Each structure stands twice: as structure tokens, then as C-alpha cells.
Amino acid sequence: MKAKIPTALLALTLALLPSTVRADGSHSGSSTNLCDEQLVARIVLTATTNAPSGAVGIARLKSETEDGVTETVLRLRLRGLLAGDYLLEITTQSNGVTTTLGQFTVGGDDDDCDDHSHSGHSSSDSSDSDDSDDDSDFDRQGHSERTGHSESRSDDDDDDQGEDNGDGRITQVELLLPSEIDPLDIGQIRVSDMAGTVLLVGDLVTPNPTTTLKFRGLVSITAGEGAPSAQGKAQMQSQIRKGKRTTRFTLVASQVPADATFHVAVNGSSVGTTVRSNRKGRLILKKLPSQQSQIRSVRLMDSQGKSAVSTSF
């Protein structure tokens, strides 16, 4: 018989941002510009030197956009945290801002847990096979973290912490992210204590070798002043595997000025790349600088600096 790890299924007491549709258009343009986007990530949360010995975590991020509406679910399984209250935070890549998503509690009686179904999202979306994989990795990850931190802790600290969390209790947290948060812009997922000390970090900028991410997006382009009749699509596929991110991007546009050169901007900044349309007013953009592995938006500007074509994911 397979041994079962005791599990405490805890609801997240959220201090959520207002769930409103973005007016600035991080997905730029009208909702018709959004066709199809899917993101699935399994993010390993690494313990900091401030974490209890053996603390580990895995976050699963699932996001889907259809007809301009995005739903993003974040689910965490954590083990080895001491009993108490904790904060769940994310840091965005674009501006480095840290946002507190909410607060959860580890330990205590299950009857004391508040079940807030604020998002209407049920935990039944979680698969048993995913949980089994995570639990298996907890043993390997926990051993690695204890080994990696042995030099930064005293033996007394390790002994004390081991006694506090030796029951192997798993804490599960699940929530629906507010629409203000772009899942592609998430740089870190963090668990902190109530004093703000970071204990667990899941990094998508410098990912753990066992962190994985897959994204695919197909979106319509938005015509600009420099090419008001432009039409076309942009496609992007991105993945993280073995600690490295790879991205493939293609933009195809028609009805742009013929035999014209356009300057390329990625994520709002010029990247020193140009693309030229043919005599029929058609262009294809595939090559972007290698450092542009994380693409959120692409804009083509004509020789006068006017936006001709833009798209975002």
C-alpha cells in the first residue's frame, strides 16, 4: 500500500486587487486582437537561508485566454513550513513590483480554515497525478535544499527546525489571479512570513533546472497610423526546460506600405532590428535578438516613427 502524506487543504484568505479589465491594454487593442493563448508552468520554489530546514514548494500556473478573456489559476503545494501565517506574493518582470496576493495559514485545526470561494474556482481541477509527482519531488528537493543550506545554518538551528516541521504536513493553496496580473510577466512567486522575510522563491527569470513552462499564443496584429489597413497574425511559442528559456516568434503582416523598412521594438524598447516589406506590401518577422527570450509586445515603426503594426501577448 502506498503511504499517504497527511494533507491540510487550506483556502487562501485573499486581499485581491480589484478584478477589472485593463484599459491600458497590456494586450493592446480591442478584444478582437486576442485569439488564443495558453500557458502551463510547474515552478519549483527554492528555500532561502531563512526558511525552516526541509521547507519545499511547487507552484502550478495555468492560464488561458479566449476572446480577450484571461483566466489564470495558481496552485501551490508547500511542505515543511512552521505553523503560522504567511504571505503569497508575486514579482513582475517588467517593473520589478512585488504584489501581495493574499495570506494563508499553516497548521491549526482544519475546522478553523475559512473556505472563501471568491473566484468560483474549485480545487477539483487539480489532478492526483500532479500531486503525486509533486510529493515525490518534495523528497528529492528537500534533501537538496537541506544540503545546500547546511553551511549557512548552525547545527542547533537545524535540529530545532526539524523538530517543528517533522510531520510532513502539506499545505495547499489555490487561487484565481486578478486580471491585472499578466501571467507572462510573472518573474517570481514568493512565500514570506508576516514580517516580510522571504522563505520560498519560485523564479522564472533564473529558473530552477526542474522548473518547466510552456506557452503558445496566436494573436491578431493591430494596425497603426503608419499602416492603417494592415492585417495579419503573430505567433509565439516559449518554453523553459533545464533552466533555459527558448522562444520562437513569427509575425506576418499584409497591406503595409510596399518596399518599406520598419524598425522593431520589443516590450516597448527598440532592439536595433529592422524588417522590410516586399513590393506587394507583405512582410514576415522571425528573427529577434537572442536576449529577447521574454516577449510581451512587438511593434513595427516606419521611418517617421509612426506605429505601423503592433501586437502583444
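Nothing in this text is a laboratory measurement; each read-out follows from the coordinates by a stated rule. Everything numeric in this text was worked out from a predicted model, so none of it was measured. So basically every Cβ, Gly included, is an ideal-geometry build from the backbone, and we count neighbours across all protein chains shown.
Along the range 190-206 the Karplus relation, 6.51 cos²θ - 1.76 cosθ + 1.60 evaluated at θ = phi - 60°, assigns HN-Hα couplings of 10, 10, 10, 7, 5, 8, x, 7, 6, 10, 10, 9, x, 10, 9, 8, 10 Hz to successive residues, with x for each Gly and Pro. A Förster radius of 30 Å combined with the Cβ-Cβ distance from Thr261 to Lys233 puts the calculated FRET efficiency at roughly 0.90. Each Cα pair under 8 Å and six or more residues apart adds its sequence gap; the mean of these over the residue count of the range 221-312 is a relative contact order of 33 percent. Put simply, the amide H of Lys233, placed in the peptide plane, has neighbours under 5 Å in Ile221, Val252, leaving out anything fewer than 5 places away on its chain.
Ordered by the count of other Cβ atoms within 10 Å of each Cβ, fewest first, Met194, Met301 give Met194, Met301. Amide H contacts of Thr48 (H built 1.01 Å from N, in plane; Pro and chain starts excluded): Leu200, Val201 sit under 5 Å, all sequence-distant by 5 or more or on other chains. The label point for Leu218 and the one for Asp85, both projected 7 Å from the Cα toward the Cβ, are 4.8 nm apart. Convex hull volume of the Cα atoms of the range 201-253, normalised per residue: 89 Å³. Only lysine pairs 8 or more places apart, or on different chains, with alpha-carbon atoms under 26 angstrom apart are counted in the range 221-312, and they number 11.
Annotation: amide H of Leu204 within the under-5 Å range of Gln188, Ile189, sequence separation 5 or more or interchain, hydrogens built in the peptide plane. Counted by neighbouring Cβ atoms within 10 Å, the residues Lys286, Lys233 run from fewest to most as Lys286, Lys233. Exposure proxy ranking for Arg279, Arg190, Arg79, Arg248, based on other Cβ atoms within 10 angstrom of each Cβ and starting from the fewest, stands as Arg279, Arg248, Arg190, Arg79. Full extension of the chain between Arg248 and Thr92 yields a length gain of 54.0 nm, computed as 0.36 nm times the residue separation minus the alpha carbon distance.
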